[in-house]
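The values are calculated or read from the model by the stated rules, or taken from the named source; none is laboratory data. Owing to the predicted nature of the structure, the values given are computational and were not obtained by experimental measurement. Here Cβ is always computed from backbone atoms with ideal geometry, including for glycine, and neighbour counts include all displayed protein chains. Keep in mind that these areas ignore ligands, DNA and RNA; they rest on the heavy atoms of the full protein, side chains included. Shrake-Rupley method; radii C 1.70, N 1.55, O 1.52, S 1.80 Å.
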Amino acid sequence: MKEIISQCQHSLSSLADPVRAQAMRAYMKNRCEFLGIPAPERRKACIDIIQQLKTADADELLQIANGLWSCEQREYQYLAVDILAKHYRRLRLEDVPALLTLVQQKSWWDTVDGLAGVVGDVLQQNLTASRDIQAGMDKALGHPDFWVRRIALLHQLGWREQTDVNRLFSYALALADEKEFFIRKAIGWALRDYAWHDPVVVRNFLQENQSRFSGLSYREAAKNLEKLGK
């Protein structure tokens, strides 16, 4: 693991741009330090490292991710998400708690939403293994950390016909009264995403429950319904 982390640091540190780093830090409201490397350049620089991990097992992938998470600059956390997203097929259902632990470290929407995709991929690939593979997300919905609750809301993004619609709607209603911006935004995002697959059921759900949702959640959820038609 130390060798991989060292390779990552060598590949990225040589691309550091202090001027761009200042702008990136400001965009993220000074929550994180940056090397100043745009995503395409970061991914190009680390493509060989990610490829050489194609034989790594779940434990090794998580160790590397945790090692990158401990690095100061944000690009290393982005790289960790890139690695997990590329090799999610080797992650197991029992690894989801470890992913949720990462969610709670150096938390901001950028890494949280990246990890939401990884969690979603891991759960989706296990849907046939159990009748209630998403029970862990039911528990996450009540987690004291709102970033974990956001993961629960977003984990079915892109599932389309595999979406548990009852779960999607019940999650949205369960958190509808929250004041947190990132929860209100996620409610709308999750509903809007499913509307691409079934706009009628989302439209009906919003009409029946409009008074329950904040203006932000409702606007986000309904954003594409007009263009999707009936």
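Residue count for the range 109-165 satisfying the condition of being among the polar types (S, T, N, Q) and open to solvent by 40 Å² or more (accessible area, probe 1.4 Å): 5.
Applying the selection to the range 110-141, what residues are hydroxyl-bearing (Ser, Thr, Tyr) and either part of a loop (DSSP other than H, G, I, E, B) or under 13 Å from the mean Cα position of the chain (by Cα) (or both)? Spell out the reasoning first.
We begin by selecting, within the range 110-141, every residue hydroxyl-bearing (Ser, Thr, Tyr); these are 111, 128, 130.
Within the range 110-141, Thr111, Ser130 meet the criteria.
You will find that of Ala16, Ala65, the residue that is at pLDDT 95 or above, part of a helix (DSSP H, G or I) and small (Gly, Ala, Ser) is Ala65 and no other.
Okay, residues lined up against (1) more than 30 Å from Leu93 (Cβ to Cβ); (2) of a type outside the set (Asp, Glu); (3) touching a residue at least 24 places away in the same chain (Cβ under 8 Å):
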| position | (1), (2), (3) |
| --- | --- |
| Lys2 | no, yes, yes |
| Gln9 | yes, yes, yes |
| Gln22 | yes, yes, no |
| Ala39 | no, yes, yes |
| Glu60 | no, no, yes |
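The number of residues in the range 6-56 that are in contact with a helix residue (DSSP H, G or I) (Cβ under 6 Å, 6 or more places away or on another chain) and either loosely packed, with under 11 Cβ neighbours inside 10 Å or of a type in the set (Asp, Glu) (or both) comes to 0.
Across the range 219-230, the qualifying residues are those that are open to solvent by 60 Å² or more (accessible area, probe 1.4 Å) and in a loop (DSSP other than H, G, I, E, B), and the one among them that is farthest from His155 (Cα to Cα) is Lys230.
The single condition among (1) open to solvent by 10 Å² or more (accessible area, probe 1.4 Å); (2) in contact with a helix residue (DSSP H, G or I) (Cβ under 9 Å, 6 or more places away or on another chain) that Glu72 does not meet is (2).
Here's the yes/no breakdown for (1) at negative phi; (2) open to solvent by less than 30 Å² (accessible area, probe 1.4 Å); (3) in a helix (DSSP H, G or I); (4) touching a Cys at 6+ places or on another chain (Cβ under 9 Å):
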{"position": "Leu168", "(1), (2), (3), (4)": "yes, yes, yes, no"}
{"position": "Tyr171", "(1), (2), (3), (4)": "yes, yes, yes, no"}
{"position": "Glu178", "(1), (2), (3), (4)": "yes, no, no, no"}
{"position": "Arg184", "(1), (2), (3), (4)": "yes, no, yes, no"}
{"position": "Gly188", "(1), (2), (3), (4)": "yes, yes, yes, no"}
{"position": "Leu191", "(1), (2), (3), (4)": "yes, yes, yes, no"}
{"position": "Val202", "(1), (2), (3), (4)": "yes, yes, yes, no"}
{"position": "Glu208", "(1), (2), (3), (4)": "yes, no, yes, no"}
{"position": "Ser217", "(1), (2), (3), (4)": "yes, yes, yes, no"}
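Hey, can you tell me all the residues within the range 97-108 that are open to solvent by 10 Å² or more (accessible area, probe 1.4 Å), in contact (Cβ under 8 Å) with a residue 40 or more places away in the chain and not small (Gly, Ala, Ser)? Within the range 97-108, Leu100, Gln104, Lys106, Trp108 qualify.
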